[in-house]
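All remarks here apply to the structure that follows.
The values are calculated or read from the model by the stated rules, or taken from the named source; none is laboratory data. Since the model is a prediction, treat every value here as computed from it, not as a measurement. Here the Cβ is made from the backbone with ideal geometry for all residues, glycine too, and neighbour counts use every protein chain on show. Protein only, heavy atoms only, side chains kept; ligands, DNA and RNA dropped before computing areas. Shrake-Rupley method; radii C 1.70, N 1.55, O 1.52, S 1.80 Å.
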Amino acid sequence: AQSVAQPEDQVNVAEGNPLTVKCTYSVSGNPYLFWYVQYPNRGLQFLLKYITGDNLVKGSYGFEAEFNKSQTSFHLKKPSALVSDSALYFCAVRLGSGTYKYIFGTGTRLKVLA
Amino acid sequence: DGGITQSPKYLFRKEGQNVTLSCEQNLNHDAMYWYRQDPGQGLRLIYYSQIVNDFQKGDIAEGYSVSREKKESFPLTVTSAQKNPTAFYLCATRLSGETQYFGPGTRLLVL
């Protein structure tokens, strides 16, 4: 079955430290991968995507993600966390070619401690 | 959130009542989606529409209905058949590329 997994419900990191939010996927064909961020009672905001090309993708607000085909992972990273990065983060994947359906992970709550 | 409007922000439903959530966009995007968000479950697809006058069921369509009479609008009706409607509902759009853009959401509560 096609799926996206975010193995950590919550990640805590000190301000100024690097952060990683993990995502693994299982889809047929080439994956189209996305990261979104959600602040309380708001919609999701697009951060970055991987379609093809360089495995390291840079996105908004200093975030980046690394696509690893052999490990079927797409971890979100940031070199230096800010308190304002505290939010709910979702990984998503588009299912197969010819369909524009997406599946989302269950989300990881990031808490950056001052 | 940009050019996607969802209304109302909060909606209260009485038992046995149908309610309609509005999603309007001025982005000229072709595709529109409805998702349901429950704590700890991520987003689940209810319905989606690639073009006007066409839509497909998602993974949890039972108890919901939609229409797509105009490109700008994709209203979602939560019918009385949906026994557990309390959730945060998100509308999204997509142009021709891969990225979805989300509205601000509507929180539906049952009285």
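Among residues of region B:66-91 that are farther than 21 Å from residue B:42 by Cα and aliphatic (A, V, I, L, M), those with a Cβ under 8 angstrom from a residue that is open to solvent by 40 Å² or more (accessible area, probe 1.4 Å) and in a loop (DSSP other than H, G, I, E, B), sequence gap 6+ or separate chain, pair up as B:81/B:62.
Would you pick out the residues in region B:1-23 that are open to solvent by 60 Å² or more (accessible area, probe 1.4 Å) and more than 14 Å from chain A (Cβ to nearest Cβ)? Matches in region B:1-23: B:12, B:14, B:15, B:17, B:18, B:20. One residue alone among A:70, A:84 is in a loop (DSSP other than H, G, I, E, B) and open to solvent by 10 Å² or more (accessible area, probe 1.4 Å), and that residue is A:70. The residues listed here are B:68, B:13, B:44; of these, the one that is closer than 24 Å to residue A:50 by Cα and of a type in the set (D, E, K, R) is B:44. Filtering region B:64-111 to residues that are under 20 Å from residue A:101 (Cα atoms), over 13 Å from the mean Cα position of the chain (by Cα) and polar (S, T, N, Q) leaves B:96, B:99, B:100. Taken over region A:34-52, the criterion of being within 14 Å of residue A:89 (Cβ to Cβ), of a type in the set (Ser, Thr, Tyr) and surrounded by fewer than 19 Cβ atoms within 10 Å (Cβ to Cβ) is satisfied by A:39 alone. Applying the criterion of being open to solvent by 60 Å² or more (accessible area, probe 1.4 Å), charged (D, E, K, R) and not in a strand (DSSP E or B) to the residues of region B:60-111, the residue that is nearest to residue A:34 (Cα to Cα) is B:72.
Of all residues in region A:57-67 being open to solvent by 10 Å² or more (accessible area, probe 1.4 Å) and touching a residue at least 12 places away in the same chain (Cβ under 8 Å), which is nearest to residue A:20 (Cα to Cα)? If you could, list the steps in order and put the result at the bottom.
Filtering region A:57-67 for residues open to solvent by 10 Å² or more (accessible area, probe 1.4 Å) gives A:57-62, A:64, A:66-67.
After this cut, where a residue has to be touching a residue at least 12 places away in the same chain (Cβ under 8 Å) as well, the list is A:59-62, A:64, A:67.
Working: A:59: 14, A:60: 15, A:61: 14, A:62: 13, A:64: 10, A:67: 13 Å.
The qualifying residue nearest to residue A:20 (Cα to Cα) is A:64.
Listed by first and then second residue, the pairs with beta-carbon distance under 7 Å, at least 6 apart or on different chains, first residue in region A:95-114 and facing another protein chain (nearest Cβ under 7 Å), second among the small types (Gly, Ala, Ser) and part of a loop (DSSP other than H, G, I, E, B), are A:106/B:40.
Is it fair to say residue A:25 is out of contact with any helix residue (DSSP H, G or I) (no Cβ under 9 Å at 6 or more places or on another chain), farther than 30 Å from residue A:114 by Cβ and assigned to a strand (DSSP E or B)? I'd like the intermediate steps shown before the answer.
On the way: out of contact with any helix residue (DSSP H, G or I) (no Cβ under 9 Å at 6 or more places or on another chain): yes; farther than 30 Å from residue A:114 by Cβ: yes; assigned to a strand (DSSP E or B): yes.
When the stated conditions are applied, residue A:25 passes them.
Entry remark, region B:17-55: residues being assigned to a loop (DSSP other than H, G, I, E, B) and closer than 27 Å to residue A:7 by Cα number 3 in total. Restricting region B:33-50 to residues that are within 11 Å of another protein chain (Cβ to nearest Cβ) and of a type in the set (A, V, I, L, M) leaves a set whose member that is surrounded by the fewest Cβ atoms within 10 Å (Cβ to Cβ) is B:45. Only residues that are within 14 Å of residue A:108 (Cα to Cα), out of contact with any Leu (no Cβ under 9 Å at 6 or more places or on another chain) and in contact (Cβ under 8 Å) with a residue 40 or more places away in the chain: list them for region A:2-43, please. The answer is A:5, A:6, A:8, A:9, A:24.
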